[in-house]
């Protein structure tokens, strides 16, 4: 689980470190595990509020891809990336690179990651907590979202127990891949709570929660930086399954709900990744292969990613493997085909 959580968190934070201080308001979602403690709501001041998913703990994500909903990322050569359109010729999915990193973003990322891990360490599996950080840098950089959220993954060691949790929480239903690479077995699965306050400060309950936690921080005479409140939750918007063949050899399948009004979904790829469009059992999919950079640095998150958008069910589904994986594109294609052919 730690590999997935770190991946998701690193992807969300890495992307935030690449945002310019004046870039649009965003909410980073971990689409992998990002994937999961996947859901980190991070917003900055800008013209409009934008929802972002990072797999993936699905996206986002390179262990689960980082997804951007309704955000236009321009300034890059279109020939490097791929696009998907619906029957009305509207672009609904594409791949692109994130903007260049900034020093401010990196500083915020480092602090956010540190506090997020501290909060997670105080939770039990299945806990979902709201928290306020008494830190000037965090507060000034993220005034639109003073209260943030953290979820500690609860693993379900059997597919049947995961199915029960999916039914209980109305989480996205994932077909079990009947075609798995040789030696891989189901290890665990989990769901992730949906965002309790997607409108953030526009929501009266969120404002009351903010007043409560900020008030606690002001009244505290200690040097505590974190003020937490465990939240009740009943619905999930993401489902993930991990199949492994050894400690560091795994492949993850995950699905994340995408709001009907989210518009374009952008999958973030690295500067040395290559992307191509595939057709699997009549469904258009993207495949992204990661390679070492020009300096020979090792792949940090995932070697192969394959995903598609299910417009009818309002889902983004992705399959990705570990950095040291020896799996090929065809391995992921076979997994996807078995899922798409399932009733």
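For this structure, a couple of remarks:
- Spin-label proximity, residue 203 to the range 229-255 - amide N less than 20 Å from point 7 Å beyond Cα toward beta carbon: 229-239
- Hypothetical label at residue 178: residues of the range 321-343 whose amide nitrogen lies under 15 Å (7 Å Cα-Cβ projection): 334-343
- On full extension, the segment bounded by residue 211 and residue 274 gains 18.1 nm, given 0.36 nm per residue less the C-alpha separation.
- Taking label positions 7 Å along the Cα-Cβ direction at both residue 341 and residue 329, the computed distance is 2.0 nm, reported to one decimal.
- Alpha carbon centroid spacing (whole Å) that separates the range 119-137 from the range 218-286: 19
- A simple spin-label model places the labels of residue 103 and residue 121 2.9 nm from each other, with each point 7 Å out along Cα-to-Cβ.
- A Förster distance of 30 Å, applied to the separation of the beta-carbon atoms of residue 89 and residue 281, puts the FRET efficiency at 0.85.
- Per residue, the average separation of C-alpha pairs within less than 8 Å and at least 6 apart gives the range 200-343 a relative contact order of 18 percent.
- Pairs of Cα atoms nearer than 8 Å and 6+ residues apart set the relative contact order; for the range 93-176 it is 25 percent.
None of the figures in this text is laboratory data; all of them are computed from the coordinates on show. None of the values given here were measured: they were computed from a predicted structure. Heads up, the Cβs are rebuilt from the backbone with ideal geometry, glycines too, and the neighbour counts pull from every protein chain shown.
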